[in-house]
Structure formats: C-alpha cells, structure tokens
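*Asks:* Following this message is one structure expressed as structure tokens.
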Amino acid sequence: MAYNLKDVVNKKVRFTSGHRMCAGCGAPPVVRTVLRAVKEDDEVVVTSATGCLEVSSCIYPYTSWKDSSFIHSAFENAAATCSGVEAAYNAMKRKGKINKTTKFIAFGGDGGTYDIGLQSLSGAMERGHDMVYVCYDNGAYMNTGTQRSSATPHYADTTTAPAGKVVAGKVQQRKDLTEIMVKHNIPYVAQTAMYGNYKDIYEKAEKAIYTEGPAFLNTLAPCPRGWGYDPKDLILIEKLAVESCFWPLYEVVNGVYKINYKPVNKRPVEEFLKPQKRFKHLFKEGNEWMIEEIQKEVDKKWEYLLSMEELTNKEV
C-alpha cells in the first residue's frame, strides 16, 4: 500500500484536538493515525473501553470524536459491543436497509485488553467479526493510579507493585498478548509504534481495517506520568523501545510472520529503561542483574521472532 506522509496528514481528522489527555501521552496520536487510515468516504463506528482515552475525550457536553459514531463501553466489553454492532450492521445490510460501507474499530488500554476485557476480545476474534481491535498499551492501569497490569514490564515500579528493599517492582514478566492473538488464527495481527513518520502504524492500521475478518493491533502508547519521562521525549521513548527490540515491529498475516524493522545496531535495553523513573531502582549499585535479566528476555523474544519469520515463510 502506497504511503505519502503529506497525503496522510491532510486526510479527514476523526479524532480532534482539545481532548484532556496528558501532554506527551502516546494514546492520542495512535488513535488519530489509526482513524486516518479509514477511507474518507467510509463511515466508522468506534467503541472504547473505560480508561484514559474515554474519560479524557468524551466529557459531556464535549467530544473529540468527529465523523464517527462513538460508543463508550464498560471496562470489560469494548470488543463485545463492537462485535454486536458489526453483526447488527450485517443483518440490516442483508435486508437492504443500509448500503453504505462502515468500519468497526474498538479501542482499549492494556488494563481493558490484556486483563479485564480479554474474554470479550477473545470471543470477538474467535467468532470472526469483521472488526479491528486496537490496544493502546501504556503498561499499567494509568487512569486509576498506575496500578500494575499484566502488560506491565518486569521490575517496573507501580503503586501496587512498588520497588523497595524487599520486592524489586513487578516480579512477573509481561504477558505477550500479540502472540496470544496470533494463536486465535485470525487473518491479521500486528505490533506497532509511532516510529518513522508514523509509517508503520498507518500502514498496519490500513491493512487491519481493510482485511476481511477480525484484526488486532497492539500499539505502544507511553505514559509520561506512569513511566516518568519528560513529555517532550515521547517519540524518543518510542524510538528506544523499537531500536532495543523491547517492542519489535512485526505483523502476522494468515500465520506468516514478517518483521517490519530490524535494527542494524540493536541498542541495549538499558537505553530504553534509563530515561524512565519507573526503572530508576534498576540502576542502583547491586541491581545490575535485573537489567541483565530483562535483556535476556528481550533477546529471547527477538530470536523467537527471527526464527518464526524464517519458518513460516518457508512454509508458504
């Protein structure tokens, strides 16, 4: 699919400025870019789980959602709501009551996706609804006070898994939801970030929206308050996540893996960790082993992706 940055930024804006998300938050540019991937003549129904995005973008009587139907769902059922609307649309289309093209997109943070909304998401994907689920992954329950989620990285400091003398932050590794979605055998799964003039996220959003059947996008959405970085460093944090392979950019199309970016000089993961206050305890004397452990986890996942790319492309 051809990509021209100038054409993209001049497309219809369906998520406007004026929302109350924090400066330096990764979620708004994710949502704006995903919605820009919808053809201008097509209509959109958006469902959104309770979370930062919903509470900051739809405060009565104001809304940041433009030229789309917006449905605020409960924390746990954005995917179920979206799949229900998609089923109703198909029924009305079969009866000749509508003939316009409408796309269905659900948004949820990692709390409402990895955890509370997982059963709803899994069911919608398994049933095969023609919809896209977009997770904006900020690695904790940021809207309610930075509590740990299953997306929170290993050893990160959160309010419910604080780093101290006894426990070194979150003791579990993060859940690999992208791979869980791959195992649902759906047509399109991708992991993306705002990296490289938004090219990766825009092209993957376009593929997901116009793939027939269910699709899933896992997007990195850094949080300045929960992660503890300067708001102006949003894109730097994204870059370090991608360049260190903490957050690899890849897609799985009908079971075939494709890594979209392979760093020529893969950065050590400590470069991604160091600018974030949630990891500051890792850099105290005697805690080097934690960084080494995280590096091993990152390297293991990267080698897995390289092997899956080679294996699945051989089978095609």
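We did not get these values from a lab; they are worked out from the coordinates using the rules stated. Small disclaimer: the values here were computed from a predicted structure and weren't measured. Backbone-built Cβ (ideal geometry, glycine too); neighbour counts: all protein chains shown.
*Asks:* What is the distance, in nm, between label points placed 7 Å from the Cα along the Cα-to-Cβ direction at Glu315 and at Lys277?
*Replies:* Each label point is offset 7 Å from its Cα along the Cβ direction, giving 4.6 nm.
*Asks:* Ranking request for peptides 242-250, 303-311: highest mean number of other beta-carbon atoms within 10 Å first, then the rest in descending order. Present the calculation step by step, with values, prior to reporting the outcome.
*Replies:* Details: 242-250: 22.1, 303-311: 14.2.
Result, highest mean Cβ count within 10 Å first: 242-250, 303-311.
*Asks:* Moving on to the next point. Percent antiparallel among DSSP beta bridges with both residues in the stretch 5-315, to the nearest 5? Intermediate results must be reported in sequence, preceding the final value.
*Replies:* On the way: 11 of 37 bridges.
Counting only bridges with both partners in the stretch 5-315, antiparallel ones make up about 30 percent.
*Asks:* If you don't mind, there's one more thing I want to ask. Give me the extension gain from His184 to Asn99: residue separation times 0.36 nm, minus the current Cα-Cα distance, reported in nm with one decimal. Walk me through the intermediate numbers first.
*Replies:* Working: separation 85, 0.36 × 85 = 30.60 nm, distance 3.04 nm.
Length gained between His184 and Asn99: 27.6 nm.
*Asks:* Could you order peptides 202-214, 125-137, 259-271 by the average number of other Cβ atoms within 10 Å of their residues, highest first? Walk me through the intermediate numbers first.
*Replies:* Details: 202-214: 20.2, 125-137: 23.0, 259-271: 14.1.
By packing density, highest mean first, the sequence is 125-137, 202-214, 259-271.
*Asks:* If the only charges are +1 at each Lys and Arg Cβ and -1 at each Asp and Glu Cβ, what is the size of the charge dipole of the stretch 5-315 around the Cα centre, to the nearest 20 debye? Spell out each step's value before the answer.
*Replies:* Numbers: 41 positive and 38 negative charges, 148 e Å.
Computed about the Cα centre, the dipole is about 700 debye.
*Asks:* Students often forget the sequence filter, so: which lysines lie under 21 Å Cα-Cα from Lys100 once same-chain residues fewer than 8 apart are removed?
*Replies:* Once the sequence-local lysines are set aside, what remains near Lys100 is Lys11, Lys12, Lys39, Lys66, Lys207.
*Asks:* Using a 10 Å cut-off around each Cβ, can you sort His19, His281 from fewest to most neighbouring Cβ atoms?
*Replies:* In order of increasing Cβ crowding within 10 Å: His281, His19.
*Asks:* Follow-up. What angle do you read, to the nearest 10 degrees and between 0 and 90, between the alpha-carbon axis of helix 27-36 and the longest principal axis of the chain?
*Replies:* It works out to around 30 degrees.
*Asks:* In degrees between 0 and 90, to the nearest 10, how far off the longest principal axis of the chain does helix 234-243 point, with axes built from Cα atoms?
*Replies:* 80
*Asks:* If each residue of separation counts as 0.36 nm, what is the full-extension length gain between Asp299 and Glu212 once their alpha-carbon separation is subtracted?
*Replies:* Taking 0.36 nm per residue and subtracting the Cα distance, the gain is 28.0 nm.
*Asks:* How much mean residue ellipticity at 222 nm does the chain get from its helices, if each DSSP H run of length 4 or more adds -39500 (n - 2.57) and you divide by all residues, to the nearest 500 deg cm²/dmol? Kindly include the intermediate steps, with their values, before the conclusion.
*Replies:* Working: 11 runs with 111 residues, N = 316.
It lands at -10500 deg cm²/dmol.
*Asks:* Which of the aspartates and glutamates could be linked to Lys175 by a straight reach, that is with a Cα gap under 18 Å, when you skip same-chain ones fewer than 8 residues away?
*Replies:* The reachable aspartates and glutamates, counting only those whose Cα sits under 18 Å from Lys175, are Glu76, Asp110, Asp115, Asp137, Asp157, Glu251, Glu293, Glu297, Asp299, Glu303.
*Asks:* Any chance you could give the angle, 0 to 90 degrees and rounded to 10, that helix 118-127 forms with the longest Cα principal axis of the chain?
*Replies:* Helix 118-127 sits roughly 40 degrees off the main axis of the chain.
*Asks:* Using Cα centres only, tell me the gap between the stretch 233-264 and the stretch 124-161 in whole Å.
*Replies:* Each part's Cα centre sits 18 Å from the other's.
*Asks:* How much length is gained if the chain between Val13 and Leu306 is pulled fully straight, taking 0.36 nm per residue apart and subtracting their Cα-Cα distance, in nm to one decimal?
*Replies:* On the way: separation 293, 0.36 × 293 = 105.48 nm, distance 3.66 nm.
Answer, rounded to one decimal: 101.8 nm.
*Asks:* Another question, then. Mean separation of Cα pairs under 8 Å and 6+ residues apart, divided by the residue count of the stretch 5-315: what relative contact order is that in percent? Walk me through the intermediate numbers first.
*Replies:* Values: 613 pairs, mean separation 49.6, N = 311.
Taking the mean separation of contacting Cα pairs over the length of the stretch 5-315, I get 16 percent.
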